[in-house]
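In what follows, a single structure is set out as structure tokens and then discussed.
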Amino acid sequence: MTEHSYAPASSETVEPWKWLAGVGAALVVWLLLYRSLIPFSEWVVARLPVDRHSHLGEALAFFIYDTPKVLLLLTLVVFAMGIVRSFFSPEQTRNLLVGHREGMANVLAAALGVVTPFCSCSAVPIFIGFVSAGIPLGVTFSFLVAAPMVNEVALGLLFGLVGWKVALAYLAFGLSIAVVAGWVIGRLGLEHWLEDWVRNLRADVSQDVSSAPMTVIDRINAGIDAVKDIVGRVWMWIIAGIAAGALIHGYVPSDTLAAIMGREAWWSVPAAVLLGIPMYSNAAGIIPVIEALLGKGAALGTVLAFMMSVIALSLPEMIILRKVLSLRLIAVFIAVVASGILAVGYLFNLLFS
Amino acid sequence: MKQVKVYGPGCSRCALTAKMIEEAAASLGIPVKVEKITDMADMARHGILSTPGVVIDGKVVHAGGLPKIETINGWLNA
């Protein structure tokens, strides 16, 4: 847990330009570190008493190269998004969504899901807050699907580790799933499947929380806070994910994996989705695994379907949502989202062949 | 006596917020009663979506993130 000091930041005494210069200097240091990753990791591996081209040597090289790379990328992405997110809050997002018609509102909800600060612990308050403010159930679901799945961590790491085309396609298809799944759930008219106390709740949205205007320094601090909070929380997932990726990279034979997760195996997409539902990991933890699987010849659609399923359909989140949703509604939610992921998996396999 | 309610699911930031308000009030010599509330329905009724949320004498003054000490002093002096 990060320590929070009580002392007010001495932001009044320091000029904003000094903060901006500090950010610039940090970026230069970041770039230098990032560019020395390959020489550094090769240097370390060469000093280890293992053959570079043995299974263990390959696995270690993957681990030693990927760990600092992922942590560097994550820090940069989280810092940038921390600044972007200081312009948004769940309350503002709710107020933007109230009064929009379904359809357009689904698109807006999914897009806002990407930039609104969100963690699975805030899923329930946001869900209740949206529904009690009169936002349709389907629109709320569009938000709840997009927020964890299409987030900055997933996009930033996909961009850094797998490439911009895949990151862009993930963004587009992730948003499409959120919009369509929410729209379908809205069409089904399942409001009566909500827990009674949630349905009967009417929120007072008249009280606007007028937060003080933020300065440039406040926003930079928001970025730093986000890094401390998120990197501090997910680094264990990342190490675990990179370790799993390293084992795959070093030990799993390419032809075996290609046979199971390759494009030829039609059943591998549904299998990947089913496998992903009970699994739970953070986007940051799953992407190194994705990187290793792709390197071994797994089909992109299959791998992304697995990733989306792990992130968007997680058992712990379902258990949290059970407080406000009936089991039937959760089942519909899983079925609709899983179908969307399935479609994306097959589509990706067709597109990137 | 100001009635302060800190809303949140028992997160560490919520507890810290409550403690900061109590300490600020003590140092300003303003009598307060600080309550920590975890009830989601009550929270939603106030329109708070992000935690910790702070309600003082029935008015929402804050939602999401740790408030600054100057901000807290501002609420208490209002």
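The values are calculated or read from the model by the stated rules, or taken from the named source; none is laboratory data. Since we're looking at a predicted model, the values are computed, not measured. As a convention, Cβ positions derive from the backbone with ideal geometry for all residues, glycine included, and neighbour counts pool all protein chains shown.
Structure summary
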read-out: Residue in segment A:139-155 that is farther than 28 Å from B:Leu66 by Cα, in contact with a strand residue (DSSP E or B) (Cβ under 8 Å, 6 or more places away or on another chain) and assigned to a helix (DSSP H, G or I) present; value: no
read-out: Helices (runs of 4 or more DSSP H) contained in segment A:207-304 and holding at least 1 residues aromatic (Phe, Trp, Tyr) and touching a residue at least 24 places away in the same chain (Cβ under 8 Å); value: A:232-251
read-out: Qualifying residues in segment B:1-30 (those that are outside any helix (DSSP H, G or I) and charged (D, E, K, R)) - the one farthest from A:Gly113 (Cα to Cα); value: B:Lys2
read-out: Qualifying residue in segment A:238-251 (condition: surrounded by fewer than 18 Cβ atoms within 10 Å (Cβ to Cβ) and farther than 30 Å from A:Asp51 by Cβ); value: no
read-out: Residue among B:Ala41, B:Ala78, B:Ala26 that alone is at negative phi, facing chain A (nearest Cβ under 8 Å), free of Cβ contacts under 8 Å to residues at least 40 places away in the same chain and surrounded by fewer than 17 Cβ atoms within 10 Å (Cβ to Cβ); value: B:Ala41
read-out: Residue under evaluation A:Ser122, criteria (1) at pLDDT 85 or above; (2) surrounded by 19 or more Cβ atoms within 10 Å (Cβ to Cβ); (3) within 14 Å of chain B (Cβ to nearest Cβ); (4) under 23 Å from B:Ala41 (Cβ atoms), criterion not met; value: (1)
read-out: Residue check for A:Leu325: in contact with a strand residue (DSSP E or B) (Cβ under 9 Å, 6 or more places away or on another chain) and over 17 Å from A:Ala146 (Cα atoms); value: yes
read-out: Every residue from segment B:12-22 that is within 8 Å of another protein chain (Cβ to nearest Cβ) and within 13 Å of the chain's Cα centre (by Cα); value: B:Arg13, B:Leu16, B:Met20
read-out: A:Gly297 being closer than 15 Å to A:Ile177 by Cβ and away from chain B (no Cβ under 14 Å); value: no
